[in-house]
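Heads up, the thing below is written out as structure tokens.
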Amino acid sequence: MKTKIAFDGKRHGAGRTAAGFRLRSVLWALVLSAAWMTASAQAGTLSGTVKDASGRPLPGANVFLRGTLLGAVSGSDGNFTVQDVPDGTCTLVVSMMGFRTVVKSGLAVSGAMTDVDVRMDEAPLSGDPVVVTASKHAEALSAAHQSVTVIGAERLAERQTRRLEEAIGAVPGVHFNEENVSIRGSSGYSVFNVGSRVLLLVDGVSTVTSDLGGINWKILPLLDVERIEIVKGAGSALYGSSAMGGVINLITREPSRRLRVRLRALAGVYDDPAWPEWKWTERRLHFERTDMSVSRSFGPVGLQFGVTRHTSTGYMENNEADLWNVSAKAGIRFRGGSRLDLYAARMRNREGGFIQWLSQNRPLEVPPYNKEDAIEYRATDFHAQYHLPLTPRFGLKARASFLQTEMGNQLTAYNPGAFKPGRGPGMEIQADWLPLPEHHVTSGVEYRRDLSGSQYFGDHEGYTLSPYVQDAWSPDGRWTVTAGGRWDRHVLIGEASENRLSPKIGLNFRPREGTALRLTFGGGFRTATVFEKYITADYSGFNVIPNPGLRSEHSWFSDAGISQDIGNAGRLELTMFRSDYWDMIDPVINFLGTIQFQNFVRARVSGIEGAAEFRFWRRRLGLAANAAWQNPRDLKRKEDLAYRPRFNSTVTGKAFLGPLSLEAEYRYADRIRTVQLNPLDPRVPLKLLEFRAGVKAGAWTLQASVRNALNYHYTQIERRMGEIRSASISLMADIE
């Protein structure tokens, strides 16, 4: 493969800006605003133990005092401690996935230690867990003003998840085109996942890359994940650019108090294609993955280490993968209730660069000139978060982060300057204030600097400065009104600057226990990446030219939903949504084969999604189903937006018979109507059937699965065959 490279970009010095002065001003304002709020009242300590109905300790339960910012998480022995509790009476709220929320009112605190014993009954479904993403502070899922789906670590294990995308793709309204994630039709497909319209967070910190604006799903070991929170609809009012379609937040586990070792070893093989003439090798194609996590606390210091090793031959020619991932987390608790959390991860992945098939009759092979294509990707992620409670009703959070990504291919192995590391250092100060018990005000300012360079798009530096504020007002236990917004100033130094205001207002009404109604309206946007603005290349007959005048894309969204518990046996959820997009960025191809990213698309996506889950026969049988229908229209071209299915659905049946678990899952997505490069190629719906089984014995679990059990062959991206049938077996251990 021969590639002619040029670039239309200039190297610009960082220069001196007013960003540092503005940031210092905001920080001083936050500190001064807390100075007059002193904790003069005498305080005590509230401690206790969280147990299930049989008396076994429950680790990981969320404990907080209503009307304050005070809270804790139960340890591996079920114990918790909340310090600096004001004298008087308080209300304790304890929640955990899979258990009914417990509320204990009228607890008396009088300067000494107050002990309380909490017993939690198992819930038929996931209960009402605490979430943090929709409002940037802890709240019950039933009280969230925006549609949120939570996937817990237990569910990740039950699904025998090999990749995070497998679990997230089963959520209603979420669809994947390879590694490109779309929430409610916000995104289609782009090479290298450029310009993601969904923001991926790790513990609330952005992991979107500085150069391509993409998502790296491989940077986090699976065993590190405590839960995944998926917020549907624009989140720019709190999170800024790239949150135009939604936010996915990966919450990592807290270090355990006692030594805890988690291990998973998985091995699998790919089947032969359904048609013998498609077989391209006599080798048995296979994949292996090993994940390990070790956690232990030493007094106030908790430590956790994780490692992942994954190799695969791939199921197509030039589709192999070789992945290493290591991570470390430390938590340090100080007197007075403050704490420091540190997290670091390093990933290195090398995989084949399968671009398109050789022919429709030989879809698992690549053309001769693509046989040596390869992509090597390295990433380093670090963040530190310091939580400082100044009073029971006022606290500060300080975050510092650094993300570095390095990409290369077989053409640049001897030219290290072809891809310079993309660096994204950032920091954020957040204040949470309860001026009155019924108000929770969240405010702060975020600063991020982006540095990138490549012979494909030149060298560029920029920064984003973003203050935000939001107030959640709960006049009683049934209503919550949320209003706020964020102002983003994005600057490419020496080139261009943009300002964007993203407001949001939301309403949550809980007329009775088990019923919640939501209504949300707000704005979103995404800043054009330097790749989209300045990319210049000739490839396979296409000439890609730059567009330095490319503007940000923006949107307005609204949704209305209801969730309803059906006694102790099930839950229903229904949501209607609509998103309008302006200046949507899309590659435009003219009749001469020239490609340029342009603000070409004026689009609207409206639809409805629903989910139902039931448990029967004393929780031994379960049935879950979800479906989403959407109308993703390009209003200028009078056609569907590219790579968006109109309908997708997942149905899952489960059986739990003592230590044995059985599961069958069927996923469907209708035929994609519009693609970008080869519209005459045949396309078919997505139809995937999967079987899973597991047996548990003490700390050990043996699992087996068959994916794409019908060996169904499909394409959603032109001339790229989806994964064929595979079978795997895994062994998991959780030893404490």
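Side notes on the structure shown:
- In the range 340-391, the residues that are among the hydroxyl-bearing types (Ser, Thr, Tyr) and part of a strand (DSSP E or B): TYR343, SER359, TYR377, THR380, TYR386, THR391
- Residue check for VAL675: in a strand (DSSP E or B) and either free of Cβ contacts under 8 Å to residues at least 40 places away in the same chain or of a type in the set (A, V, I, L, M) (or both): no
- The residues listed here are ALA642, ALA669; of these, the one that is out of contact with any strand residue (DSSP E or B) (no Cβ under 6 Å at 6 or more places or on another chain), under 26 Å from SER147 (Cα atoms), touching a residue at least 12 places away in the same chain (Cβ under 8 Å) and not acidic (Asp, Glu) is ALA642.
- Hits in the range 432-450 (condition: crowded, with 21+ Cβ neighbours inside 10 Å and over 20 Å from ILE505 (Cβ atoms)): VAL445, GLU446, ARG448, ASP450
- Of all residues making up the range 449-491, the number that are of a type in the set (Phe, Trp, Tyr), assigned to a strand (DSSP E or B) and modelled with pLDDT under 95: 1
- Inspection of the range 478-497 identifies at least one residue that is surrounded by fewer than 18 Cβ atoms within 10 Å (Cβ to Cβ), among the charged types (D, E, K, R) and within 24 Å of SER555 (Cα to Cα).
- Positions within the range 94-117 being part of a strand (DSSP E or B) and surrounded by 20 or more Cβ atoms within 10 Å (Cβ to Cβ), in sequence order: VAL94, SER95, PHE99, VAL109
- Residue match in the range 576-587 (condition: outside any strand (DSSP E or B), in the same structural domain as LEU641 (by TED's automatic domain parsing) and surrounded by fewer than 18 Cβ atoms within 10 Å (Cβ to Cβ)): no
- Among the numbered conditions (1) touching a Lys or Arg at 6+ places or on another chain (Cβ under 9 Å); (2) crowded, with 18+ Cβ neighbours inside 10 Å; (3) touching a residue at least 60 places away in the same chain (Cβ under 8 Å), the only one that VAL269 does not meet is (2).
- Here the condition is being in a loop (DSSP other than H, G, I, E, B) and over 25 Å from PHE354 (Cβ atoms); of GLY336, GLY331, it holds for GLY336 alone.
- Search result, residues across the range 421-477 that are more than 22 Å from the chain's Cα centre (by Cα) and aromatic (Phe, Trp, Tyr): TRP433, TYR456, PHE457, TYR463, TRP473
- Which numbered condition LEU200 fails, given (1) touching a residue at least 60 places away in the same chain (Cβ under 8 Å); (2) outside any loop (DSSP other than H, G, I, E, B); (3) touching a Ser or Thr at 6+ places or on another chain (Cβ under 7 Å); (4) surrounded by 21 or more Cβ atoms within 10 Å (Cβ to Cβ): (1)
- Residues (among the hydrophobic types (A, V, I, L, M, F, W, C) and at pLDDT 95 or above) located in the range 395-433: LEU396, ALA398, ALA400, PHE402, LEU403, MET427, ILE429, ALA431, TRP433
- Test result for SER135, in the same structural domain as TYR643 (by TED's automatic domain parsing), small (Gly, Ala, Ser), over 25 Å from ASN631 (Cα atoms) and in a loop (DSSP other than H, G, I, E, B): yes
- Residue list for the range 217-260, restricted to those being of a type in the set (Ser, Thr, Tyr), buried (at least 24 other Cβ atoms within 10 Å of the Cβ) and assigned to a loop (DSSP other than H, G, I, E, B): SER241, SER242
- Members of the range 206-229 found to be under 24 Å from TYR447 (Cα atoms) and of a type in the set (A, V, I, L, M, F, W, C), listed by number: VAL208, LEU212, ILE215, TRP217, ILE219, LEU220
- Taking the criterion of being over 12 Å from SER142 (Cβ atoms), in contact with a strand residue (DSSP E or B) (Cβ under 7 Å, 6 or more places away or on another chain) and not in a strand (DSSP E or B), the only residue of the range 492-520 that qualifies is ILE493.
- Residue match in the range 397-415 (condition: under 27 Å from the mean Cα position of the chain (by Cα) and in a loop (DSSP other than H, G, I, E, B)): no
- Among the residues of the range 69-104, the one identified as touching a Lys or Arg at 6+ places or on another chain (Cβ under 9 Å), under 22 Å from HIS137 (Cβ atoms) and hydroxyl-bearing (Ser, Thr, Tyr) is THR91.
- For the condition closer than 28 Å to ASP565 by Cα and part of a strand (DSSP E or B), THR442 does not qualify.
- Some residue of the range 144-156 being farther than 29 Å from ASN349 by Cα, of a type in the set (A, V, I, L, M) and outside any loop (DSSP other than H, G, I, E, B): yes
The values are calculated or read from the model by the stated rules, or taken from the named source; none is laboratory data. Keep in mind that this is a model prediction, so the values were computed, not measured. Using ideal geometry, Cβ is built from the backbone for each residue, glycine included, and neighbour counts are taken over all protein chains shown.
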